[in-house]
Amino acid sequence: MLRERVSDDIYVFTSEVYAQVTAGAAVYPEGAVLIDTLPFPAETRAIKDFLENRLGVRVRYIVNTHYHADHTNGNYLFPGAQVIGHRLCRQRLDTVGRRGITRAKEQSPELADVEIVLPQTLLSNGPILLHLGKKTLQLFPTPGHSPDSLSALLKEDRILFAGDMMMPLPHIVDGDLEEMVRTLQAVPGMGLENIVQGHGELVLRGEIDEAVRSNLKYLDSIRRKVEQAIKRGRPRQAMHDIDIETCGKSRIPLNGAVTQLHTANLLALYDRLST
Ligand SMILES: [Zn+2]
């Protein structure tokens, strides 16, 4: 697990074992807010150890940006914390999430202790504000990657914990392309200093507009290519031939995992647009 200090009271933790997934922490004398956890308990335990034993703060809140296991598996390691998420996050974690962790435990013995912990404080449509000393964390829906996605904005610092709404490659298999486009279009107007992506590196102020533009261009490109393939009667299998680079993205980020995400996007889009 890599640790980066983004500002006086903000830390970002990045997994070294799974797809550069991130967790963030905002640390105040009153306690810490953890935005997401990491998929494997050993790495989330290292975060807990750092916050509690090195910094001497208690984790009071966990924010789940969405229900996917790579972000929520560590909830159970903080029994004293209040878990906050979208209403749909609770619903999905309780169904899809429970089935998923049972399967995952069969593959990965290191997940044996993981227990599903559902968010108890729920966001529906409007924002939730968390007041932490002099700082305010605003939680609001940012669907597209999944229907339950939310982001957390540290208002005074203009740091956005975006969850998987921002990644080096947008991923819409469990979500919706049009929603993702609408969500991304709102980002440049937010006046941000940094974006903590759900996977990958921190996006700095001067890089934000270009990162968003590149993701929007990619989404437009895959939609047009899949529509065209369907119109020409190409089979589903042909989606494997649409190269990530012809859609304007590099195959390098996330240690190459983006190419699998890309193919999954195309197949999901093909299924949706051809019915
Ligand atoms: Zn993720």
Failed criterion for Asn75 (all others in (1) open to solvent by 10 Å² or more (accessible area, probe 1.4 Å); (2) within 16 Å of the ligand (Cβ to nearest atom) hold): (1)
Number of positions in the range 226-253 that are crowded, with 19+ Cβ neighbours inside 10 Å and not in a loop (DSSP other than H, G, I, E, B): 4
Test: residue in the range 166-189 that is more than 22 Å from Pro143 (Cα to Cα) and of a type in the set (S, T, N, Q): no
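I'm trying to understand the selection: among the residues of the range 14-65, which are at positive phi and either in contact with a helix residue (DSSP H, G or I) (Cβ under 6 Å, 6 or more places away or on another chain) or free of Cβ contacts under 8 Å to residues at least 60 places away in the same chain (or both)?
Across the range 14-65, the qualifying residues are Ala19, Gln20, Asp36, Gly56.
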Filtered residue count, the range 10-47, keeping only those that are of a type in the set (D, E, K, R) and either within 13 Å of the ligand (Cβ to nearest atom) or in contact with a strand residue (DSSP E or B) (Cβ under 7 Å, 6 or more places away or on another chain) (or both): 3
Filter pass, Leu139 being of a type in the set (A, V, I, L, M), away from the ligand (no atom under 16 Å from the Cβ), open to solvent by 20 Å² or more (accessible area, probe 1.4 Å) and part of a strand (DSSP E or B): no
Criterion (within 24 Å of Ser124 (Cβ to Cβ), of a type in the set (A, V, I, L, M) and within 16 Å of the ligand (Cβ to nearest atom)) met by exactly one of Ala186, Ala162: Ala162
Selection within the range 93-129 - assigned to a helix (DSSP H, G or I) and open to solvent by 40 Å² or more (accessible area, probe 1.4 Å): Asp94, Thr95, Val96, Arg98, Arg99, Thr102, Arg103, Lys105, Glu106, Gln107, Pro109, Glu110
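Would you mind stating whether Arg3 is surrounded by fewer than 21 Cβ atoms within 10 Å (Cβ to Cβ) and in a strand (DSSP E or B)?
yes
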Index of the failed condition, Tyr61 passing every other in (1) in a helix (DSSP H, G or I); (2) open to solvent by 10 Å² or more (accessible area, probe 1.4 Å): (1)
Asn215 vs. criteria open to solvent by less than 30 Å² (accessible area, probe 1.4 Å), modelled with pLDDT of 95 or more and within 21 Å of Leu139 (Cα to Cα): no
Scope the range 64-92; condition under 12 Å from Ser146 (Cβ atoms), hydroxyl-bearing (Ser, Thr, Tyr) and in a helix (DSSP H, G or I); matching residues: Thr72
Pairs where the first residue, in the range 144-158, is at positive phi and surrounded by fewer than 19 Cβ atoms within 10 Å (Cβ to Cβ) and the second is outside any strand (DSSP E or B) and among the hydrophobic types (A, V, I, L, M, F, W, C), C-beta under 8 Å, 6+ apart: Arg158/Met190; Arg158/Leu192
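The values are calculated or read from the model by the stated rules, or taken from the named source; none is laboratory data. Please read these numbers as outputs of a predicted model, since none were measured by experiment. Using ideal geometry, Cβ is built from the backbone for each residue, glycine included, and neighbour counts are taken over all protein chains shown. Areas reflect the complete protein model, heavy atoms only, side chains present, ligands, DNA and RNA absent. Shrake-Rupley method; radii C 1.70, N 1.55, O 1.52, S 1.80 Å.
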